[in-house]
Each structure stands twice: as C-alpha cells, then as structure tokens.
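Participant: What follows is a single structure, and I will ask about it in a moment.
The values are calculated or read from the model by the stated rules, or taken from the named source; none is laboratory data. Keep in mind the model is a prediction, meaning the values are calculated, not measured. Here the Cβ positions follow ideal geometry from the backbone for every residue, glycine too, while neighbour counts run over all protein chains shown.
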Amino acid sequence: MIIFVIFLLSIAFYFINNFFEKFLFLNNYKGEKHQKFLGSKNIPLSGGIFLIISIITIFFLYDYSLITFIFLIFCVGFFSDINLLSSPKLRLLMQSLIILLFVFFLDIGIKETKIVLLDNMLVNTYFRYFFTTFCLLILINGSNFIDGLNGLLISYFGIIFAIIFYLNFYIVLSLEKELIILFVLVLIYLFLLNINNKLFMGDSGSYSLSLLCGYFLIKIYEHNQEISPFFIVLLLWYPCFENLFSIIRKFSLKKSPVTADSNHLHQLVFVYFKKKDFVKYFSINNISSFVIILYNIMIFLISLYDPANTQLQIILILLNIFIYLLVYFKLFSLKYNLK
C-alpha cells in the first residue's frame, strides 16, 4: 500500500515540480555568492517538499515524535528557501532550539566516544544534551553545504541508508526492511531529478534528510555498541568536516562563520573541472559530484571490512582529513593562481 502511495506521489510531484519550474516558485537563484558559481539557471528548491511527504508517509507509524521534529526542521529550511528566514543567525537560533528539544524529548544522546576525557564529561546529562545538539547542528548545516552539486547530498546519504540496510541495522532500529528499501527508492527518484537539473533539495531537504539519518545512526550505536563509535563518525565525516573546516577557515580570515562563500571543497572541484574545458557545462556539475562520491564509496567499503575495529576507523578518518586538506589547498591555489 505504501509503495503504491509513493508511486502516485512521485507521478504527482513530477508534474507539480514542472509547474514550480515554469512559474519560478521556490526559485533557487537569489543572486547570493554561494549560488552564483553554478550559474543563473532557475531550478526549484522543491526536493525537500517531496522528501518530507515521503518521510511522513513511510515513517509516521514508526515514531510520531521523530516525524514531528523532522517536520519542524523542514519548516525552518522551507522558510529559508522562500527567503522569509534570510538571517543566518536567526536560522541558527531556531535550528538550535528545535534540535535541543529534539534531543531532550526523544532522549537521544552520544554517550560514548572511546575518548576518555570526553566520555567522562558525557556522564553529565546537560553536557550530553549540549554535545549531541552541537553534533547534529554541525551535521545538518554541513549537509546543506554539500547540496551545491547535483546528486552529492542525496547520493551521500543514500549510500548511508544502503549501509544501514546491508548491515541489517534496521533490525536494531525496529524498522521493517521494506521501509528502508522504500526510502532508498525515494532517494534514487530524487537523485535522478537532481542530476537532470529538475530540482535542488534546498535547505528544507538537506536539514530533514541529515537529521533523520543522524537520529538513526545515534540510535544504532545506542543499541549496538559492538560497532565502533568511530564507524558512525566516519559515515558522517564529509558534511561534518566540511562545516567544521569552513568555520575554522572563516575565523582565520576574520569573517563570520555564517557568511556564505564559494570556497567549499565541492565548489573548488567544480571550478577545477570547469577550467579543464573538456566536458559540457552541465556535465561538469555531475562529474564533480561523482568524483567526491566515488572517493567516499571507496572509504566506506574499506570501513565495512570491520566496523568494530576502532583503529581502522580512526585511520580512515585521519586519512580523509589529510586528503581533504591536501586537495583543498591545492585546488584553492589553482583557483586563485597562488604559488
């Protein structure tokens, strides 16, 4: 029954999305610095709408409270997408409040990291709530950053949900495997529209998708501590490190960390391929995304060799950070012709 409903919604959404595109509803192009690097083509930020409808349809019976908070964070993103919530500081404040309540009422928390000093601090309930809220904030905003390339956000989290299915973690979550399969199919559908420049996920989509995934991964580790906590960290390393590095980078330049720019890694990769001029302009977007995703797939495959091996997961995380920084500074130098 749910499959049939999703099928009908997919058909309906396709035509609705064409309507959005024709009449410039949920228009992505506001002329902001971080949007200009891909050009001025108008593409609806409508992916979040179909995503939240799918999440409600698929997971509503699973946990009403979870769906309520996912919908609230969707609303923050939606108001940002339609430019009614344009202040980054106000947006961050609303995100913080919603996620803090989310952590408190659903009683989720990062309770162990295998870092002795941090684990001792996490014994304190208030610190645990604060730390979990901070981590989820880093995740959802970092996820929003990587939505800048076609397919990057959707495929990244689609892979994580596929790993949840592959490792049978849906059992730990008390989820029917059909629901995970169905949700992955929804992401594939959105991915196809996204890579064909039919829609972007927007703030609403990136916030909703990342918060849902973050919740599932926290719950998985809570109920299955045979795996290493660093395996969970590894799965989310890219959007989280993208955000953390962006904050550090902007502070070092004496800029506000909430100020948008066009110097994220995926944007530098895009500029690099654009300068090569060996593919059409539209294809550069997809190729840039494919390269980043292919790298992450290789890392995830290695990590799956032994998810319980903390040393392996830490080595992979450190390797990711090293490669990220090496590639970033190289591409940054090429973009600005620095020696």
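Participant: Checking the structure you have, find out if any residue of segment 208-223 is in a helix (DSSP H, G or I), among the charged types (D, E, K, R) and free of Cβ contacts under 8 Å to residues at least 60 places away in the same chain.
Facilitator: No.
Participant: A follow-up question, please. Yes or no: segment 263-270 includes at least one residue that is over 30 Å from Lys335 (Cα atoms) and either modelled with pLDDT of 95 or more or not polar (S, T, N, Q) (or both).
Facilitator: no
Participant: Tell me the helices (runs of 4 or more DSSP H) entirely within segment 63-161 that contain at least 1 residues that are surrounded by 21 or more Cβ atoms within 10 Å (Cβ to Cβ) and either without any contact (Cβ under 8 Å) to a residue 40 or more places away in the chain or on the phi > 0 side of the Ramachandran plot (or both).
Facilitator: 88-105, 125-145
Participant: Would you confirm whether or not segment 242-252 contains a residue that is part of a helix (DSSP H, G or I), under 25 Å from Val103 (Cβ atoms), at pLDDT 95 or above and not small (Gly, Ala, Ser)?
Facilitator: Checking segment 242-252: not a single residue is part of a helix (DSSP H, G or I), under 25 Å from Val103 (Cβ atoms), at pLDDT 95 or above and not small (Gly, Ala, Ser).
Participant: Picking from Ile292, Ile323, Ile302, Ile315, which residue would you name as being in a helix (DSSP H, G or I) and in contact (Cβ under 8 Å) with a residue 40 or more places away in the chain?
Facilitator: So the residue among Ile292, Ile323, Ile302, Ile315 that is in a helix (DSSP H, G or I) and in contact (Cβ under 8 Å) with a residue 40 or more places away in the chain is Ile292.
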